[in-house]
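What follows is a set of notes on a single structure, which appears directly below.
Where a number appears in this text, it was derived from the coordinates with a stated rule and is not lab data. As the structure is a prediction and not an experimental result, all values here were calculated from the model.
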Amino acid sequence: MDFDLSEEQELFVKGVRDFARGEIAPLCAQMDREGIVDASLLDKIKAQGFFGLTFPERYGGVGLGAHTYGLVIRELARVDAGIAIMIAVHNSVGSFPLLQYGSEELKESTIPRMAQGHLASFCVTEPGAGSDAAGLTTRAERTDAGYRITGEKIWVTNGYLAQYFVVTARTGEAGPRGISAFLVDRDTPGLQIGAKEQKMGLRSSDAVSLVLDGAEVPASRLIGSEGEGFRIAMSSLDGGRIGVAYQGLGIAQACLDSAARYALEREQFGARIAKLQAIQWMLAESAAELESASLLADKAAWLKDRGRPFGKEAAMAKLVCSETAGRIADRALQIHGGYGYSKDYDIERYYRDVRVLRIYEGTSEIQKLVIARKLLDEYGG
Ligand SMILES: Cc1cc2nc3c(=O)[nH]c(=O)nc-3n(C[C@H](O)[C@H](O)[C@H](O)COP(=O)(O)OP(=O)(O)OC[C@H]3O[C@@H](n4cnc5c(N)ncnc54)[C@H](O)[C@@H]3O)c2cc1C
């Protein structure tokens, strides 16, 4: 059940569900095998406006709020979690820094193009700086025309196809206050895009490394002010985490759907396995956990939509939805028995796809640090 949706929002979400089932589902196995999004599907996704879901209408976007957007990501992830994260990264961490902190000139010149499908990416992680994002070593030196950026980024989702790269780099002192954020164009001299990672899951989405070898970036591409980059990245991740939470809910729903259907078909000992209490318990636990995780994601989105602080709730939603989705995928595979271990069944893909949700946009351990910090603040700590 979805709370608080207008008829128009419900219709929008239903349209996405129909699109996912009609256009994405037939291509999932092929994209998983080949490790790339299907080109004709990408065109259809652009035509549907999915690359402007969260952008204001004045920039050619759809203007969805966090809750409706989350439900859209859930519907996409229910069919293909790789497509869901490609769209989610673009609509959140890849574009939010510009929408929230960019100059009007920068927004005018980039956001309408992004809404049309010029993909955006978010480049924070480095070989030596993952959870410790403030420990980055990429440097941006001032030049007469702007900045010269040198360093390496890894795990850049969408980077293989992206036109735009939001890059964090050090412009000042050690630590978070010395970091700035830049928008780097794909055709910037000195930007080299590496090969695609051979990932365990989410194979319809790409992730690449980047080498910035003295990449020349005009001063107009600084997002916000010098020294604001870490804050920009962290506040972008707050919103991004709500998307990851809904991505987890989508995969979990797909797992529950598959497990329940399979349990009703499969017979052992002369009866359907759905009759077995051991199987029913697994289904019941999964259904109850899915419902409670959903409420947490909805609350984080609800707060965001009302302009209220939501960072703690977003971290809680990301933590709980991703961990819950992992458990539900595990039970669903168990219900499938040996068939679940075969590529003939979608559950094998869901099981691989779900694993990374506990890692990206902050690991589960980092979510707990974020929650504890905010919680202790509330107690005056
Ligand atoms: C498929 C995929 C896509 C990604 N996409 C992007 C992207 O688009 N942009 C981007 O910038 N990054 C991206 N990432 C990177 C991702 O955000 C990092 O992998 C993640 O933040 C963890 O960093 P790390 O891998 O370096 O692990 P590490 O930070 O080295 O962590 C290793 C382990 O130590 C634990 N740990 C570390 N510090 C602490 C601590 N203080 N307390 C407790 N435990 C701790 C971690 O939880 C983890 O279990 C992506 C990663 C993957 C796998």
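As a length-normalised measure over Cα pairs under 8 Å and 6 or more apart, the relative contact order of the chain settles at 16 percent.
Could you compute how fast the stretch 297-381 diffuses translationally, taking Rh as the Kirkwood radius over C-alpha pairs and applying Stokes-Einstein at 4 °C with viscosity 1.567 mPa s? Give it in µm² per second.
Answer from the Stokes-Einstein relation: 89 µm²/s.
Length, then width, then depth: along the principal axes, the Cα atoms of the chain run 79, 53, 43 Å.
Cα-based values for the stretch 231-376, radius of gyration first and Dmax second, are 17.0, 61 Å.
Regarding the stretch 60-197, what whole-number volume in Å³ per residue does the convex hull of its Cα atoms give? Mind showing how you got there, number by number?
Values: hull volume 18.1 nm³, N = 138.
Per residue, the Cα convex hull of the stretch 60-197 comes to 131 Å³.
Pairs of Lys residues in the stretch 231-376 that lie 8 or more places apart, or on two chains, and have C-alpha atoms under 21 angstrom apart add up to 12.
Treating each Cα of the stretch 14-76 as one equal point scatterer and applying the Debye formula with no solvent, the log10 of I(q)/I(0) at q = 0.14, 0.18, 0.21, 0.24 Å⁻¹ comes out as -0.44, -0.70, -0.90, -1.06. With the largest listed first and rounded to whole Å, the semi-axes of the equivalent ellipsoid of the stretch 120-226 from the Cα gyration tensor are 23, 16, 11.
Ignoring lysines fewer than eight residues from residue 44 along the same chain, the ones with Cα atoms less than 24 angstrom from its Cα are 14, 196.
Ellipticity at 222 nm from helices only: DSSP H runs of n ≥ 4 in the chain, each -39500 (n - 2.57), divided by the residue count, give -16500 deg cm²/dmol. Comparing mean-square fluctuations of 216, 365, 289 from a GNM of the chain with C-alpha springs under 10 Å, the top value falls on 365.
Calculate the length of the line joining the C-alpha centroid of the stretch 329-381 to that of the stretch 1-80, in whole Å. Rounded to whole Å, the Cα centres lie 22 Å apart. All alpha carbon pair distances within the stretch 7-115 were sorted into 10 Å bins beginning at 0; the resulting P(r) in whole percents reads 14, 47, 30, 9, 0. When the alpha-carbon atoms of the stretch 229-315 are used, the pair Rg, Dmax equals 18.2, 63 angstrom.
With no solvent and one equal point scatterer placed on each C-alpha of the stretch 264-312, evaluate the Debye formula and give log10 I(q)/I(0) for q = 0.18, 0.23, 0.29 Å⁻¹, two decimals. After summing over all Cα pairs, the log10 values are -0.64, -0.80, -0.97. For the pair residue 278 and residue 173, the difference between a 0.36 nm per residue extended length and the Cα-Cα distance amounts to 32.0 nm.
Please identify the helices of the chain, taking whole runs of DSSP H, that span at least 27 Å along their own axis as judged from the Cα atoms and have a mean Kyte-Doolittle score of -0.5 or higher.
Details: long enough: 229-265 (53 Å, 0.39); 277-305 (41 Å, 0.11); 311-336 (37 Å, -0.01).
Helix filter hits for the chain: 229-265, 277-305, 311-336.
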